[in-house]
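Notes to accompany the following structure.
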Amino acid sequence: MGFNTSLIHGAPGGDRHTGATLTPIYQVSAFAYDSAEKLEQVFSGRAPGFAYTRIGNPTVDAFEKRIADLEGGVGAVACASGMAAVTMTLLTMLRSGDEVVAGAGLFGGTIDLFGDLEALGIKIRYADRVDPETVESLITDRTRAVFAELISNPKLTVVDVEAVSKVCHERGVPLIIDSTTATPYLARPLALGADIVVHSGSKYINGGGNSLSGIIVDGGTFRFDPERYPGLSEYKKFGPRAFLAKLRNGIWRNSGACLSPFNAYMDQVGIETLGLRMERLCSNALALAKALQELGLEVRYPALPDDPDYPLVERQLGGKGGAILTVRAGSRERAFRLINSLKYALIATNIGDVRTLVIHPASTIYLHSTPEQRESAGVFDDTIRISIGIEDPEDLIEDLRQAYFESGKEN
Ligand SMILES: *Cc1c(COP(=O)(O)O)cnc(C)c1O
């Protein structure tokens, strides 16, 4: 099956009782049974079925199956947001005293979360670059996970998943990849060697900027050693599903990180056009990146042939660079003027929408970060991040050109 076919037919959902082509929205809190015995069986997992939407829901289940199929995992767990997915993944495997090696140029919210984890006694060691040598040098006896974004947002560096996963596995540590910005359209990290993939479904999976969600997919490949991961020892009997079993029966259910059925439905609709959208988004982004370069601006976009990660983009991402680019306007003031002169791009803090969105990261997402954190995230005072939409490329290019010249006038 090709990618677009698998989006429709890989794990199709629907409803066999009515013939509904999509799994309907089961907008209920609880599921009732004929007898106390039956509910007991469902509760204990001895009979299939749903009991309470925080623990499981048919609409959410259909969405989870679709993403697990797309990523090639043994299963998936949906969460209320991408941040919930990152949090639940880490808290399922970590305890106080453990260490995580993480890429420095991560999504701002993830960096903030790592600050919270440090307060719980979990140490984060940041890698300037997520390459095998740097990761290797930061792994200690206490490291229990390596966390990286496949294409980091907003730094836009690309991780060589195959090479980094080898180092992780030699040291007995799982590699967790946040693949939000790459999406399964550009790469399937589990097939490249990653152990767990997380997404903010709020972005490209949903695609229309209309619902928050997160999703965790387990490849089932990593064996959690009971001595190094004592919390997982009682789940060993689940074999390749040990991590998912602990996740579902533990912190995910207990903290109430579940996804709403309505949002799962919106994602289910969105995911079907992921291939079409990504194809257009990537070609629009490349055209825009080139047009900005022609204006003499410093542009970061991984699929530009002069980008340092371009060889990796060719080898690992099929030559496509995703839908985010950053550009340096020369000064903070010019960056603001340029943003304000755009006709089509909305000034908003999101990515992965059908609409083009623009933001000045230093004064928004990175407002509370230290200068070092900003620099390692590739965020400078004059950096503008553009999340490309599906508009016609000629319109987007023309708009950027006029905004650039307009922004230069007051200099
Ligand atoms: C947006 C984003 C998140 C967080 O997702 P939410 O759905 O906003 O909680 C995590 N990682 C990356 C790379 C993101 O872009």
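May I ask you to say which residue of THR59, THR53 is open to solvent by less than 10 Å² (accessible area, probe 1.4 Å), at pLDDT 95 or above and more than 15 Å from the ligand (Cβ to nearest atom)? When all the criteria are applied, what remains is THR59.
Among the residues of the stretch 366-396, those identified as under 15 Å from ILE324 (Cα atoms) and aliphatic (A, V, I, L, M) are ALA377, VAL379, ILE384, ILE386, ILE388, ILE390, LEU396. When restricted to residues that are open to solvent by less than 10 Å² (accessible area, probe 1.4 Å) and within 9 Å of the ligand (Cβ to nearest atom), the stretch 167-180 contains 1.
The C-beta contact set for the stretch 100-121 (first residue within 13 Å of LEU90 (Cα to Cα), second residue within 10 Å of the ligand (Cβ to nearest atom), distance under 7 angstrom, 6+ apart or interchain) comprises THR110/VAL86; LEU113/MET83; LEU113/VAL86; LEU113/THR87.
All of ASN153, ASN206 fail the test of being at pLDDT 95 or above, among the polar types (S, T, N, Q) and within 11 Å of the ligand (Cβ to nearest atom), apart from ASN206.
I'd like to check which strands (runs of 3 or more DSSP E) are fully inside the stretch 77-153 and have at least 2 residues that are surrounded by fewer than 20 Cβ atoms within 10 Å (Cβ to Cβ). Spell out the reasoning first.
On the way: elements: 99-103, 123-127, 143-149.
The qualifying strands (runs of 3 or more DSSP E) are 123-127.
A quick yes/no check of all residues on (1) hydroxyl-bearing (Ser, Thr, Tyr); (2) more than 16 Å from the ligand (Cβ to nearest atom); (3) at pLDDT 95 or above:
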site: ASP69; (1), (2), (3): no, yes, yes
site: SER81; (1), (2), (3): yes, no, yes
site: MET88; (1), (2), (3): no, no, yes
site: GLY97; (1), (2), (3): no, yes, yes
site: GLY103; (1), (2), (3): no, no, no
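Residue check, PHE222 against (1) within 16 Å of the ligand (Cβ to nearest atom); (2) of a type outside the set (D, E, K, R); (3) outside the structural domain of GLU394 (by TED's automatic domain parsing); (4) over 18 Å from the mean Cα position of the chain (by Cα), all met but one. Which one? So the condition that PHE222 fails would be (1). I'd like to check something: does the stretch 66-75 contain any residue that is of a type in the set (Asp, Glu) and open to solvent by less than 10 Å² (accessible area, probe 1.4 Å)? Yes, the stretch 66-75 contains at least one residue that is of a type in the set (Asp, Glu) and open to solvent by less than 10 Å² (accessible area, probe 1.4 Å).
For the stretch 320-364, the candidate set comprises residues that are among the hydrophobic types (A, V, I, L, M, F, W, C) and in a helix (DSSP H, G or I); within that set, the residue that is most open to solvent (accessible area, probe 1.4 Å) is PHE336. Against the condition in contact with a Cys (Cβ under 8 Å, 6 or more places away or on another chain), farther than 25 Å from ARG374 by Cβ, of a type outside the set (D, E, K, R) and outside any helix (DSSP H, G or I), how does ILE205 come out, does it pass? Taking the combined requirement at face value, the residue does not satisfy it.
Restricting attention to the stretch 243-253, does a residue exist that is assigned to a helix (DSSP H, G or I), in the same structural domain as HIS9 (by TED's automatic domain parsing) and within 14 Å of the ligand (Cβ to nearest atom)? Working first, answer last.
In the first step, residues of the stretch 243-253 are kept if they are assigned to a helix (DSSP H, G or I); the result is 243-249, 251-253.
Still in the list and also in the same structural domain as HIS9 (by TED's automatic domain parsing): 243-249, 251-253.
After this cut, where a residue has to be within 14 Å of the ligand (Cβ to nearest atom) as well, the list is none.
No, the stretch 243-253 contains no residue that is assigned to a helix (DSSP H, G or I), in the same structural domain as HIS9 (by TED's automatic domain parsing) and within 14 Å of the ligand (Cβ to nearest atom).
For beta carbons closer than 9 Å, sequence separation of 6+ or different chains, a first residue in the stretch 305-321 that is on the phi < 0 side of the Ramachandran plot and a second that is modelled with pLDDT of 95 or more and of a type in the set (S, T, N, Q), the qualifying pairs are ASP306/GLN293; PRO308/THR157; ASP309/THR157; LYS320/SER283. The listed residues are ASP116, ASP131, ASP112, ASP160, and the only one of them that is within 15 Å of the ligand (Cβ to nearest atom), at pLDDT 95 or above and under 20 Å from the mean Cα position of the chain (by Cα) turns out to be ASP116.
Against the conditions (1) out of contact with any helix residue (DSSP H, G or I) (no Cβ under 6 Å at 6 or more places or on another chain); (2) loosely packed, with under 15 Cβ neighbours inside 10 Å, ALA47 satisfies every one except (1).
The values are calculated or read from the model by the stated rules, or taken from the named source; none is laboratory data. Note that the structure is predicted; figures quoted are calculated from it, not measured. Note that each Cβ is placed from the backbone with ideal geometry, even for glycine, and that neighbours are counted across all protein chains shown. These area figures cover heavy atoms from the full protein model, side chains too; ligands, DNA and RNA do not enter into them. Shrake-Rupley method; radii C 1.70, N 1.55, O 1.52, S 1.80 Å.
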